[in-house]
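Before any comments, here is the structure.
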Amino acid sequence: MYNFVTSFNEEGLKVYGMKMLETAARNWKSPLKLTAYYHDFDIDKHDVPRCDHIEYRNLNLITEMIAFRETFSEHDGTEKGQIQYNFRLDAIKFCHKVFALTELAFELADDSRDPGWCIWLDADTFTKKEFTSKDLDNFLNPKTELAFLGRKHFDYSETSFLAFNLKYRSPLDLLGDLRGAYNSGEVLNYREWHDGFIFERLLTIYRAHGMKVQDFTGHLDITDLVKGKQAFESFPLSDFMEHLKGDRKDKVSKPIPPAKRYALLADIIRQYKPARVVETGTWIGQRAIEMALASFVNRDGFHYIGYDLFEDGTKELSKKELNAKKIVSVEDITNHLNTFKDKMKKEKKKKFTFELIKGDTNETLKDTVKADMAFIDGGHSTATVQNDYQKLKHIPVLVFDDFFSADKEGNCVEEEFQEVNRIIESTENRKYVLPSVDGVREGGHTHLAVMLTNPEIEDLTTKVMQVPIHVTPKDCVPDENLVGNIKKNIKLMGNWLEKGRAHSDKVIIVSGGDSTDWKHVKELSRQDNTRVVCVKHSYPHLLKHGIQPWGCVILDPRPLSGKSTHGVVRKTLFNKVDKKTIFFLASMTNPSVTRLLKKQKAKLWGWHAFSETLRAEADKQQPIRDNTINVADEFDIPPDTTFITGGTCAAMRAIGMMHILGFRTFDLFGYDCIIPEPTKKEKDKKERDGRPKYMNVTVDDHKFWTTGELLAMAQDCEKLFERDDVDMEITVHGENTLVRKLWDNSRMSKVKHYKEFLPSFNLSSYGY
């Protein structure tokens with residue numbers, strides 16, 4: 001007997017689940033059976049197919065699942081609106097799969113002497129042709145305990161298909177451990193909280209204890225994955241079914257990166273300090289919370305007035321208004337904001353109050369509404385935008401979402417949806433279009449626009465309006481030199497860096513900035529289980545201050561004889577070499593450095609920097625996916641080699657390298673990215689490409705002088721600091737520096753990061 005199980009919510013049913021059910025009803029033949037668990041809606045309100053081999057069950061009747069969702073409700077991928085959505089931290093979404101799968105498996109095992117197979121199948125899978133039990137007999141081995149789709153180049157397997165042979169005990173034990181991880185909350189001790197991550201770790205344990213498994217896709221070559229081939233496409237069931245993974249769902253045409261422009265909304269709030277804000281387009285209440293938090297920097301109280309269709313929204317209205325967001329109920333958002341309200345009162349002693357008005361703003365919004373600021377982000381049709389503007393134009397500060405601009409290819413949203421553009425362009429009030437690279441599916445970019453209707457209101461600060469300088473770094477030596485360096489170092493190096501496992505040891509990384517507090521570095525270095533790593537320019541300074549560097553990371557492809565950007569002859573950096581220091585040399589490092597250090601009998605470990613130089617020529621026009629590359633045949637590099645990412649310089653690659661070696665706690669010193677103010681003559685100097693050699697940048701009204709090379713490093717830091725999906729805890733030292741200011745303004749500095757429980761670990765077991 002083959003028993004399939006799946007689950008979906010109402011949106012999932014509409015977007016892809018109905019297609020799964022209809023094709024299963026049409027193409028599956030007895031004795032195949034599908035148990036479809038639904039949650040948080042009434043399935044009887046939908047015209048789902050009814051047949052003998054499909055059974056519908058209400059997942060909300062499983063009390064353990066309800067208890068888990070209530071206990072851990074904040075862990076929904078956004079921490080209840082506190083962070084940008086991250087599926088890796090969405091324990092609520094993925095718990096439904098775990099409870100549905102385990103509930104059916106346990107029932108089958110209890111009720112039958114021969115329970116057969118329990119097979120999980122994602123609800124975004126549809127059947128293309130007639131499908132029978134004999135088709136499964138052809139590839140599912142009855143002596144197998146568990147069948148799955150392995151992905152050796154990923155942290156976890158593809159879990160759209162999981163088959164458990166219930167005549168054996170170990171699959172039930174594994175499922176019991178999987179459910180237990182959620183019931184107990186243990187799942188939150190892991191780096192990621194979705195079922196795939198937890199399943200993979202359990203699978204590793206059970207395989208080590210002898211579980212008989214059938215891995216259909218673990219053989220996939222990395223080149224297949226780089227080219228976008230999915231695991232489901234590569235095993236026998238794909239002859240009968242298609243899995244609409246990722247952007248192949250009917251729901252989306254292509255993925256759009258998370259919006260970054262809303263960070264500016266908080267800056268506007270902090271400047272104008274409104275006590276009352278009205279918003280058209282409340283949706284899930286995320287902006288309401290963000291604005292309240294920004295307001296609480298200066299105020300103890302904040303009142304929010306939100307307008308939305310809520311559950312009165314329809315698919316037809318969404319299409320008319322160019323809205324792609326899911327429909328939510330006013331009750332759910334009320335509960336969400338009440339939770340935030342109670343939290344602010346209890347933890348911050350702040351008063352948050354709110355009103356939610358349900359309905360079309362063309363009918364519900366009045367020009368008598370009182371507020372200090374309005375955020376217009378409701379419907380996008382001409383009529384709705386105009387209505388909302390006319391009703392709210394008496395408010396002194398107006399912020400509009402969705403001012404559209406064309407991208408570099410000239411693509412933009414259709415003119416009928418550019419009413420915000422027309423309003424901003426036609427007004428005589430002071431107006432500002434804020435910098436943004438947020439994209440839209442139709443092509444182009446979308447921005448926040450600000451209008452000041454009261455002449456007594458101060459101008460928008462330059463902090464919000466400043467457009468950051470971006471540089472595109474170039475290699476400092478020709479590509480053929482890099483190729484030559486790599487080939488020579490492969491022969492010169494004996495040891496090559498290998499991936500370690502996560503541990504609790506700390507690492508101090510010292511870059512070359514002048515802000516480094518050597519006394520503080522020395523104090524921290526004396527703590528237990530702490531190692532000091534540096535770049536080459538910091539190495540002699542560490543020795544001078546009596547600090548033992550555990551590692552020195554070198555990336556520079558230029559020869560020893562020349563001068564660095566800092567004006568230092570590179571050879572002099574290695575006049576004194578501590579025999580205990582491990583020199584981590586990139587393969588692109590100039591071989592003269594390698595030979596010198598070998599002559600001085602230094603400890604050397606080689607590593608490969610993730611770079612275009614190493615890529616096969618045929619792949620160089622293709623985008624890099626999943627941090628994997630197809631290495632050119634001319635390099636004798638094993639296919640399982642770990643490539644180090646991180647950025648344009650050794651200091652940034654050092655962070656990536658130490659993460660690869662298992663470190664999760666970082667103290668960063670000397671990450672300044674600034675120089676003293678140049679002389680008037682120096683300010684006029686140009687690079688070979690015509691770019692000024694020295695540049696002046698502004699962060700929070702603080703001006704810094706820098707170079708293109710240092711600014712590229714600062715950009716790398718900014719990209720890292722804006723991530724909320726990395727299992728790292730970082731402390732950035734160095735007051736009044738460019739990178740420290742970027743850190744203070746970043747998402748990572750404010751978001752709590754969740755790490756696995758990590759043991760202390762002796763890296764010497766790897767030879768380091």
Do we find a residue being modelled with pLDDT under 90, touching a Gly at 6+ places or on another chain (Cβ under 6 Å) and not in a strand (DSSP E or B) anywhere in region 418-427?
no
Assess whether E22 counts as being in a helix (DSSP H, G or I) and surrounded by fewer than 18 Cβ atoms within 10 Å (Cβ to Cβ).
yes
Looking at this structure, is N138 polar (S, T, N, Q), assigned by TED's automatic domain parsing to the domain that holds N60 and within 13 Å of H194 (Cβ to Cβ)?
no
Could you list all residues from region 652-680 that are charged (D, E, K, R) and under 14 Å from W607 (Cβ atoms)?
R653
Would you check which residues across region 312-344 are free of Cβ contacts under 8 Å to residues at least 40 places away in the same chain and in contact with a strand residue (DSSP E or B) (Cβ under 8 Å, 6 or more places away or on another chain) and list them?
V330, T334, K341
Look at region 658-681 and say how many of its residues are out of contact with any Asp or Glu (no Cβ under 8 Å at 6 or more places or on another chain) and within 16 Å of L711 (Cβ to Cβ).
7
Only one residue in T706, T665, T679 is at pLDDT 85 or above, farther than 29 Å from H520 by Cβ and among the polar types (S, T, N, Q), so which one is that?
T679
Can you confirm whether region 60-75 contains a residue that is small (G, A, S), surrounded by 17 or more Cβ atoms within 10 Å (Cβ to Cβ) and in the same structural domain as D124 (by TED's automatic domain parsing)?
no
Within region 245-294, which residues are under 30 Å from L13 (Cα atoms), at pLDDT 80 or above and in a loop (DSSP other than H, G, I, E, B)?
G281, T282, W283, I284, G285
Out of everything in region 452-482 that is part of a helix (DSSP H, G or I) and more than 18 Å from C649 (Cα to Cα), what residue ends up being modelled with the highest pLDDT?
E480
Restricting attention to region 536-592, and to residues there that are among the small types (G, A, S) and at negative phi, which single residue is modelled with the highest pLDDT?
G551
Which of the numbered conditions does Y37 fail, given that it passes all the others? Conditions: (1) in contact with a helix residue (DSSP H, G or I) (Cβ under 8 Å, 6 or more places away or on another chain); (2) part of a loop (DSSP other than H, G, I, E, B); (3) under 22 Å from C118 (Cα atoms).
(2)
Members of region 68-101 found to be free of Cβ contacts under 8 Å to residues at least 60 places away in the same chain and hydrophobic (A, V, I, L, M, F, W, C), listed by number
I92
Do we have any residue at all in region 731-752 that's under 30 Å from V187 (Cβ atoms), assigned to a strand (DSSP E or B) and at pLDDT 85 or above?
yes
Counting just the residues of region 347-357 that are modelled with pLDDT of 95 or more and not hydrophobic (A, V, I, L, M, F, W, C), which one comes out farthest from I305 (Cα to Cα)?
K351
Using the structure shown, decide if V397 is among the β-branched types (V, I, T) and farther than 18 Å from K320 by Cα.
yes
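The values are calculated or read from the model by the stated rules, or taken from the named source; none is laboratory data. Keep in mind that this is a model prediction, so the values were computed, not measured. Because the Cβ atoms are built from the backbone with ideal geometry, glycine has one as well, and the counts that use them run over all protein chains shown.
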